[in-house]
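> One structure, pasted below without further comment.
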Amino acid sequence: MKPLLAVYPGTFDPITNGHVDVVERATQLFSRVVVLVARNTSKTPLFSDDERIGMIREVFKGRKGIEVQGFDGLLVDYALRRKASVIVRGLRAVSDFEVEFQMALTNKTLAPDVEALMEQAGGLYGEGAAEQPLLEAQRRAPESLNVLVAVYRFYYYQHRLEDALAVAAQALSVTSRRLGIPLDCSLLTHEHLSQGGPAAMALVRFHLLSLKARAYLLLRLGRKEEGRAILIRLLELDSHNRLGVRQLLEVAEGSAA
């Protein structure tokens, strides 16, 4: 039988559990799946092109039959050039702009009862009924970053931005304690971020991305000065713009003009 190639296009800003589920299902139907990351988009991405591609490659690292590429042309041209059999699209009844951090950064194993609650919530997102099992999971594992990410994502999907902001604050509290760094980002230094060495870098990145998410939510809620202050500090700490903060700051300053 001739191998079948499927193309799954999107902005993946960032990749979410829903996206991963679509890819996993596609691999059961097709010999090879290309996750195609749009480089030239009318949206203002939260993450840079390279960051989005890097995130997806990290998620599927070591998986045979899954390829990740960027593209900036016409999808149909790419599909024809690669002789793709199918273009995969995911359907969801939630916001187009998804904010969820890399679950690969929080790879601690959950207790079976908490894992069961998370799985129960996963089937209820479309109806908006996921809150109860998610909050129960959070009650049982209040410092699990996996659980906090899931609760954050639910509130963001439901456009409950104040609730999402509160969860982001909880995640920052957890990571600052684990890293032994100041919770107030204005007090953060490069020395704080490097004191844990290479082993702590994934958690440091999670903390910085949590700050970026907090800033974004503050901007959405009209608290622009607070949001801008966080973004400015993040850019000082990340002068190479690896977190893609500069673009978000430009949007914030443009809207404030």
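Coordinate-derived values only; no laboratory data. Bear in mind that the values here come from a model prediction, so they are computed numbers and not experimental data. Here the Cβ positions follow ideal geometry from the backbone for every residue, glycine too, while neighbour counts run over all protein chains shown.
> How big is the range 172-257 on each of its three principal axes, counting only the C-alpha atoms and giving the largest first in Å?
40, 25, 18
> Mind ordering 242-250, 177-185 by average Cβ neighbours within 10 Å, highest first?
242-250, 177-185
> Same structure, new question: Gln28 to Lys83: FRET efficiency via 1/(1 + (r/R0)^6), r the Cβ-Cβ distance, R0 30 Å, to the nearest 0.05?
0.90
> Stretched out fully, how many nm does the piece from Gln158 to Arg177 gain, at 0.36 nm a residue minus the Cα gap?
Full extension of this stretch gives 3.9 nm more.
> Ala129 to Leu75: FRET efficiency via 1/(1 + (r/R0)^6), r the Cβ-Cβ distance, R0 30 Å, to the nearest 0.05?
The formula returns an efficiency of 0.30 here.
> Could you check the simple spin-label distance between Asp113 and Glu225, using points 7 Å along Cα→Cβ, in nm with one decimal?
Inter-label distance under the simple model: 4.7 nm.
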